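The values are calculated or read from the model by the stated rules, or taken from the named source; none is laboratory data. On a predicted model such as this, the values are computed, not experimentally measured, just so you know. Backbone-built Cβ (ideal geometry, glycine too); neighbour counts: all protein chains shown. We work out accessible area using only protein heavy atoms, side chains counted, and drop any ligands, DNA or RNA first. Shrake-Rupley method; radii C 1.70, N 1.55, O 1.52, S 1.80 Å.
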Amino acid sequence: MKHRQDPPGDKNIIGSRVVSIRKSKGIKQREFLARLQTLGLDISQTSLSRLEGQYRLVQDYEVVMIAKALEVSVGDLLGEEIE
């Protein structure tokens, strides 16, 4: 898979966090897609790539499913800081 060459977009705030968390857990994009599909979120590889590159809007229900698939909280996914 080729690495992204364009700068990130501005369509969502979770894309870069999804990539960071996914990679830190050693989850390949293909495995992540399978996890999402198991949870009932049918998303294509292209759509996930656009989401991660912040070129695609993300629906609220998708945020919840993505957090579940990554085994993190929605707050973690959104970059919420705990004081």
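So which GluC sites (Glu not before Pro) in the stretch 8-76 are both in a DSSP loop and have at most 16 other Cβ atoms within 10 Å of their Cβ?
E71
Per-residue accessible area for D42 at 1.4 Å probe radius, Å² rounded to 10?
Its heavy atoms expose roughly 130 Å² to the probe.
Given an 8 Å cut-off on Cα distances and at least 6 residues of separation, report the relative contact order of the chain as a percent.
In percent, rounded to a whole number, it is 40.
If we count trypsin sites (Lys or Arg not before Pro) as exposed when they sit in a DSSP loop and have at most 16 other beta carbons within 10 Å, what is the longest stretch of the chain that avoids them all?
Result, exposed sites excluded: 29-83.
Quick test of the membrane-span-like rule: which DSSP H helices of the chain reach at least 15 Å along their long axis (C-alpha atoms) with mean Kyte hydropathy at least -1.0?
Correct list, ordered by number: 60-70.
Pick the calculated Kirkwood radius over Cα pairs in Å for this structure from (1) 12.9; (2) 16.4; (3) 15.6?
(1)
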